[in-house]
Each structure stands twice: as C-alpha cells, then as structure tokens.
Amino acid sequence: MSATAVAEDLNLHRITRQQFDRAVPFADDLHGWRGIADWLFEPEHIMEVTLPVRMDDGFVHMFRGYRVLHSAIRGPGKGGVRFHPSAGIDEVKALATWMSWKCALVDVPFGGAKGGVACDTHRLSAREKERVTRRFTAALGDTIGPHTDIPAPDLYTDAQTMAWMYDTYSMMHPGEANLPVVTGKPVELGGLAARDGATARGAFYVTDHFLAIGGLAGVDSLDGRTVAIQGFGSAGRHAAGLFRDAGALVVAVSDSRGGIYDPAGLNVRAVGRFKDETGTVVGFPGSESLPQAGVLELECDILIPAAIENQITIRNASRVQARLVVEAANGPTTPAADDILAERGIKLLPDVLANAGGVVVSYFEWAQNIENQKWEEADVVEKLRTRMQRATEVVLTRRTALVEGLDGYREAWEEATKSSALVARPDLRTAAQVVAIQRCRTAALQRGVWP
Ligand code: GLU
C-alpha cells in the first residue's frame, strides 16, 4: 500500500495525545503511573461561549468562542487567542496542550491555555472585529485574569486586538492593575516592541544555535544556506528578515494565495512592501510563481513552516527536500510525517521549542507590567536569546541521552510507537516533550493531589 493511500487522523487533540504517548515511556517515574500521565494530559477547564455580535449591516451574527486552560500546574494559564474559521474545541485543546509543554520547556512560570473564535477576519470590518473581541472578552469574564489565565495574540489577532481585550477587561475590573491580563499589547499600552517579531526571533536563535552546537552534520552556520518559508504572517515575515540578515538565502516564501521563488535569494524587505501594497506575495516582480505545496517540497537546506497545522503530512512528507525543518507554526507536522522525515534523515526542530520565543517575550511583558516597569528592548532581546539557546541545548542533550539509553526503554518505546512501523528512535520532538512533561510532573508531585 502506498503511503498516500493510508488514512491519517488529522484531529489535533488526538495528535497531541499521540505525541504525549511517545514521550511518556521516557519520562522517568511517569511510565507506569497511568493516572499521573492522564492528569498531566487532560485539560483542566474548557469553556465554549456564544457571541451575538451586531454586524455593520444591522444583523446580529452568532459567533462561537473557546478558551481552554490545559494546565495551571506550573503557574497561571498562558496562550494566544486566534480568530480563524477552523477554530474549534479540539483545535483549541491541542494548542493549549502545546502551550503547557512550551512554557515548561523554556521555563517560564506559566501553564498552558489557548482561545479561539471561529470567524474569518477577511470578512469582518475593523469595527466588527472589535465587537467580536469585546464580546468574547466579556464572555470569558473571570476565566481570564493577570494571575489566572493570560491571553496573547495568535493567528489573525494582534496588538490592537489585545488593546481591546485589555480595555474590556479593565471596564469590568475598574480600579485594579489590569495591564498584565493580556500580553502582546501596543508599546504605548505596556507592551514590548520586541513582542511582535518574537516568535520568529526565537525560531532564528534556536536554529542558529542548533547549527552552532553541531545539531546538523556538516552545517555549522546559516551563512549561504537556502531557506524556504511557508506563511508570510507575523512569524514568516519576521523570520525571512532575520535569516536573510544572518547570511541565508531566502529562496521561497508563500502565503495563502501561493508561493514565489528566486534561486538567487528574494529581497525579503521588498517582498514585505509588495505584500503590504497588494495583499499577497504572489506576483512579486522578478520571482517565479510556485503552487502553495511547492514551498514545502522545494529543494533547500532549511524549511520553515510558519502558517497553520497539518501541513507536512503522510501525503507530502516523502517529498520534503530540506535537511532541517523548523516549526515556527504550531503543529505543522503530523506524527506519521515525523516518522517519514526521521526515516529520511531530515531533522526537525519542534514547535514547542522553535516557536516558544513569543511566549518568552510575553512573559517578559507580563513581568514588566506586574512590576510597573519599562524594560529596555536590548535587554529583552538578549534575555530571549539566552533562554532559547539554553532550551535548544537541553533538547539536543536529552535527545542524545534518550537514543543512547534506548535499550533500557525498548519495550515501552515499542509499545508507544506500535501504530507506526517506521519510527526507530526518539526524535527531537519527543525529547522536547519529555523535558517538558517531566517538569510538569515534578511540579504536580511537589504540589500533591488535593485534597
Ligand atoms: N500564540 C503564541 C503561541 O502560540 C504566543 C502565546 C503567548 O504569547 O502567550 O506561542
């Protein structure tokens, strides 16, 4: 049977469970403690709300909103809010779960959470988007708060959205110090300028350091390396500039309308201006057009999926030609695709590591707001670099230890991967999740099971 004929489960919540089940055998003291594993995996709180919103034409449209607190074991919930047509309960649960692992891995004192409103922002006016945001914030009520659950931007939400969320929450909590209730706010409203490009900057530091410490045989720097980027939103666009400035050739970028290619390297700043003027990268003068899938399958050194989930799947993983995949998006690669890439010797820096820069800078913004201080940008960027480099080292070291110690875990590992014929060794995703899950486990056991 060919790989493409095999059905693959693309439900994101079940994907997070598959990834978790692969990590559990390696998380000492957890394997065999089935109850503790389930405690760490199951979301703590799930909220679904109906949002009646008056549209510009006078009609009332019902939107659905979601907020999931996956875990508050290590601290208050933290995670973005996305406005996207596919936002639904299983997607939000999965994204909240990844936030828990992400926060633990980069060691920020938060648990994981996520929110979403099912809507297409391309079809909303700015006033309608504001009303959706305010109604959603009001519906969340005291589910969110500076010490309970702290939202931030995600797909199709930004600093302006956070300003509306902050304002709405403040109206409901007058006289309180509310700035730390959301992060990713405008600079004039307690935000940090570095927050905007922080996800991309984190991905850049992780990649650069991974190469510098020998993560990819024969490649020790970005200089002259070819890079292809799927997605030209906040993460993809900033990543293009950062990798380009480090001497890499950004040979291809794409957005939801298609992709462009230039083997000599695109002028990424000019591509950004072109996108601002026309709404798409497609048609950038001097570039060749690529179909959307073409970016993922292009021959290059580094492929950066920076768009949405389930992009590298059982259908196309065998055609990926990069040597290294850097997940700037959340969940772009399925477990079956992980196996295919691993089998083909393609390394992958997983989302919970590679895109954690956003939440790291969110943490700095939150701490700055709690202290009522204004932090220097240069200090923030330097602290981000140090934290991302440290997390990269921890993951690489753990992966080496897991592979070397595999025999001790062989039986548990074979059990965890029995649905997959291909996977032979724990990859960097499993190593990252083992580190994160163990940190959550330690905190859970220190706190104890109450009552
Ligand atoms: N939405 C971002 C993420 O997926 C950032 C979350 C945050 O800053 O809290 O990591």
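The values are calculated or read from the model by the stated rules, or taken from the named source; none is laboratory data. Everything quoted here is computed from the prediction, not taken from an experiment. Cβ sites come from the backbone with ideal geometry, for glycine too, and all protein chains shown count toward neighbours. Side chains included, ligands, DNA and RNA excluded: accessible areas come from the protein's heavy atoms. Shrake-Rupley method; radii C 1.70, N 1.55, O 1.52, S 1.80 Å.
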Out of 449, 320, 250 - ranked by how far each Cα lies towards the positive end of the dipole of the chain, with unit charges on the beta-carbon of charged residues - the top one is 449
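Which of the GluC sites (Glu not before Pro) across the stretch 109-195 are loop residues per DSSP, with 13 or fewer other Cβ within 10 Å?
Of the GluC sites (Glu not before Pro), the ones in loops of the stretch 109-195 whose Cβ has at most 13 other Cβ atoms within 10 Å are 176.
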Measuring with a 1.4 Å probe in the full set of protein chains, what accessible area per residue, in whole Å², belongs to the stretch 252-382?
38 Å²
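Mind checking the dipole of the chain: about its Cα centre, +1 per Lys or Arg Cβ, -1 per Asp or Glu Cβ, Debye to the nearest 20? Can you show the working numbers first?
Numbers: 48 positive and 56 negative charges, 63 e Å.
In debye, rounded to 20, the chain gives about 300.
Going by the alpha-carbon gyration tensor, a ≥ b ≥ c the square roots of its eigenvalues, is the stretch 216-264 rounded (a/c under 1.5) or, if a/c is not under 1.5, prolate (a/b greater than b/c) versus oblate? Mind showing how you got there, number by number?
Working: a/c = 2.22, a/b = 1.75, b/c = 1.27.
Because a/c hits 1.5 or more and a/b exceeds b/c, the stretch 216-264 counts as prolate.
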So for the stretch 318-420, using the alpha carbon gyration tensor with a ≥ b ≥ c as root eigenvalues (a/c under 1.5 gives rounded; past that, a/b versus b/c decides prolate or oblate), I'd call it prolate
Residue 411/residue 125 FRET efficiency (R0 51 Å; Cβ-Cβ; nearest 0.05)
0.30
List the residues, sorted by chain then number, that are 5 or more residues from residue 249 or on another chain and whose placed amide H is less than 5 Å from its amide H.
224, 225, 226, 227
Where in the chain are the DSSP H helices whose C-alpha atoms run 27 Å or more along the long axis and whose mean Kyte hydropathy is at least 0.0?
428-447
Segment residue 373-residue 403, length gained on full extension (0.36 nm per residue, minus Cα span):
6.3 nm
If the cut-off is a Cα-Cα distance under 13 Å, which aspartates and glutamates reach residue 383, setting aside same-chain residues fewer than 8 apart in sequence?
107, 365
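Can you say what percent of the DSSP beta bridges in the chain, counting only those with both residues inside, are antiparallel? Round to 5.
Numbers: 24 of 49 bridges.
About 50 percent, rounded to the nearest 5.
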Could you tell me the calculated FRET efficiency between residue 7 and residue 343, based on Cβ-Cβ distance and R0 = 25 angstrom, to the nearest 0.05?
0.80
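Starting from the stretch 357-421, pick out the trypsin sites (Lys or Arg not before Pro) whose DSSP state is loop and whose Cβ has at most 11 other Cβ atoms within 10 Å.
Details: sites: 374, 383, 385, 387, 390, 398, 399, 410, 418; in loops: 374, 418.
Loop-located and lightly packed - 374, 418.
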HN-Hα J couplings of the stretch 295-310 from phi, Karplus 6.51/-1.76/1.60, θ = phi - 60°, integer Hz, Gly and Pro as x?
5, 5, 9, 6, 6, 6, 7, 10, 10, 10, x, 10, 10, 10, 6, 6
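Once you have the Cα-Cα distance between residue 177 and residue 212, take 0.36 nm times their residue separation minus that, and quote the gain in nm to one decimal. Don't jump to the answer; show the numbers that get you there.
Working: separation 35, 0.36 × 35 = 12.60 nm, distance 4.29 nm.
Full-extension gain reported as 8.3 nm.
Could you tally the net charge around residue 320, taking each other residue with its Cβ under 14 Å from the Cβ of residue 320, Lys/Arg +1 and Asp/Glu -1?
Working: positive: 315, 319, 323, 344, 347; negative: 297, 299, 301, 327, 338, 339, 343.
Summing Lys/Arg as +1 and Asp/Glu as -1 gives -2.
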Leading residue at positive end of dipole, the chain (Cβ point charges), from 354, 171, 331:
171
In whole angstrom, the spacing between the Cα centers of the stretch 254-299 and the stretch 141-185 equals 35 Å
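Taking only protein heavy atoms into account and a 1.4 Å probe, give the accessible area per residue of the stretch 75-137 in Å². Numbers along the way, then the final one.
Numbers: 1670 Å² over 63 residues.
Computed with neighbouring chains in place, this is 27 Å² per residue.
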Suppose R0 equals 35 Å. What FRET efficiency, 1/(1 + (r/R0)^6) with r the Cβ-Cβ distance, do residue 42 and residue 264 give to the nearest 0.05?
0.10
In nm, the gap between the two label points placed 7 Å beyond Cα toward Cβ at residue 89 and residue 425 is 4.2 nm
If the cut-off is 28 Å between C-alpha atoms, which lysines fall inside it for residue 129, apart from same-chain ones fewer than 8 positions away?
78, 93, 114, 185, 275
For 10-19, 99-108, ranked highest to lowest by mean beta-carbon neighbours within 10 Å, the order is 99-108, 10-19
Here the residues of the stretch 263-305 lying in the modelled label zone of residue 318, meaning backbone nitrogen under 20 Å from a point 7 Å along Cα-to-Cβ, are 293-300
